[in-house]
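Structure first, then comments.
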Amino acid sequence: MNIYTTPGFVTITCHKRTMPYLDQEIRELGFEPEETFVTGVKLKATVNECIRLNLNLRCASQVLYSLQSFEARNADDVYNNLVHFPWEEILPDGGYFSITSNVSNNSINNSMYANLRVKDAVIDRLRDKRGTRPSTGSALTGAVIHLFWKNENAEIFIDTSGDSLARHGYRKIPGQAPMLESLAAATIYASRWDRQSPFVNPMCGSGTIAIEAAMIATNRRPGLFRTNYAFMHLNGYDEQVYLQEDARLEEQIRDVPGLRIIASDYSPQAIANARKNAVAAGVSDLIEFSVCDFAVTEVPQHVPGIFYVNPEYGERLGEIAELEKTYSRIGDFMKQKCGGYFGYVFTGNLELAKKIGLKASRRIEFYTSTIDCRLLEYELYGGSRRP
């Protein structure tokens, strides 16, 4: 079986509450999802088509190509099913592979044991067919096999991604409590930004939101910053297919005349880090960085745009008291300086958000790590509002 040219069921995973934006991306790439669920999308594709998905998706975590579904009451059932699978057709002789899993089964209390039984099955099969033992390890630098096992239902996948796609690869200096790149992209997709009008991002920290905005506007894809994927380490891999998809990434970059992305932070170190990250992403000439209090950030007038801020959420009482003032000032700034704009505040503290003093027109749900968050949208009326 050549998985590169044989269509199979593909599950593309993402972080909770970002699925609608992943679904949107997949459709824009010309694929037709067959099913969506809380943390992902399912469709039919070949592994060659998975190459395009890996290089282009901003909101995804992993692109998983299904090999087999089976029933498993315990880890021995997993082994007994997988030891008979023709791994010699999938994994190259002398190659290296890793095992990952998502396990919820009452028979085991440690998913590492499930990983071990998968590894044992693959090694025993290959040793029987080839007479040699393949190399394995935890680093996701070669082929990756993924086990999904819930109750008695198990499915084994080839993870075509390897390291998570949610980290886009350009951020060399993350800063304090940085927003995950895939989440930043999803929140921008959730906004009403037209990818041409001004995008103003005070409190920019390490620059992730401004950089993702610049990348989205100019159609720069995460595949530009990565050279190793798990799909490169399987039998049947054709480097020319990858090189063609990789070349498209450069070809599809577009110019946006007059685009203004403005990012500020009161910390000189944060702005220095953000500039370095923007250089690594190839968008440093598209972002206007400045060191200042957010309240003196330039907001282009007489043109509708987006104001997007991700303030701290606060964990200690002293912080909360200080942040109440900050959130109140954010509300004042939007009212006084952002007429005609859509304002967005991303926060994990809805009590603090009340201090903004404006009624949100939308409250879009997200998660960052384990924190329940909202992207609050404010329609800031002004004389230049577009119809």
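The values are calculated or read from the model by the stated rules, or taken from the named source; none is laboratory data. Note that the coordinates shown come from a computational prediction; the quantities given were computed from them, not determined experimentally. Neighbour counts are summed over all protein chains in view; Cβ atoms, including those assigned to glycine, are modelled from backbone coordinates with ideal geometry. When the accessible area is computed, the model is the full protein with side chains, heavy atoms only, and any ligands, DNA or RNA have been set aside. Shrake-Rupley method; radii C 1.70, N 1.55, O 1.52, S 1.80 Å.
What the table shows:
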| item | result |
| --- | --- |
| Cα-based reach from Lys359 at 23 Å (exclusive), listing lysines while leaving out same-chain residues under 8 positions away | Lys325, Lys335, Lys337 |
| Point-to-point label distance, Ile173-Met112, nm (Cα→Cβ direction, 7 Å offset) | 3.6 |
| Tilt relative to the chain, helix 208-217 - C-alpha long axis, 0 to 90 degrees, to 10 | 80 |
| Cross-link reach list, lysines versus Lys150, counting only Cα pairs under 27 Å and skipping chain neighbours closer than eight places | Lys16, Lys42, Lys44, Lys119 |
| The range 262-358: GluC sites (Glu not before Pro) falling in loop per DSSP and having at most 16 other Cβ within 10 Å | Glu298, Glu315 |
| Where trypsin sites (Lys or Arg not before Pro) fall in DSSP loop in the range 62-149, at most 13 other Cβ within 10 Å | Arg73 |
| Computed helical MRE - 222 nm, the chain, DSSP H runs ≥ 4 contributing -39500 (n - 2.57), nearest 500 | -9500 deg cm²/dmol |
| Pairwise label distance in nanometres, Arg363 with Gln24, each label 7 Å out on the Cα-Cβ vector | 2.1 |
| For the range 325-332, Karplus couplings with θ = phi - 60° (6.51, -1.76, 1.60), whole Hz, Gly/Pro x | 5, 4, 5, 5, 5, 4, x, 4 |
| Stretch gain in nm, segment Val279-Asn2, where the contour uses 0.36 nm per residue and the Cα spacing is subtracted | 95.7 nm |
| Asp293 paired with Thr132, simple spin-label distance in nm, labels 7 Å along Cα-to-beta-carbon | 6.8 |
| Sulfur and carbon atoms: percent of accessible area, the chain [1.4 Å] | 47 |
| Pairwise centroid distance, computed over Cα atoms, of the range 271-285 with the range 37-100, Å | 35 |
| Surface accessible to a 1.4 Å probe, Ser135 within the full protein complex, Å² | 60 |
| GluC sites (Glu not before Pro) within the range 7-102: DSSP coil, no more than 11 neighbouring Cβ in 10 Å | Glu34 |
| Rounded to 10°, Cα long-axis angle of helix 239-251 versus longest principal axis of the chain | 10 |
| Residue-wise HN-Hα coupling along the range 261-269, computed from phi with Karplus coefficients 6.51, -1.76, 1.60 (Hz; x: Gly, Pro) | 10, 10, 10, 9, 7, 6, 8, x, 5 |
| Principal-axis tilt of helix 181-190 within the chain, Cα atoms, nearest 10 degrees | 60 |
| Net lengthening on full extension, Asn151/Gln244 (0.36 nm per residue, minus Cα-Cα) | 29.3 nm |
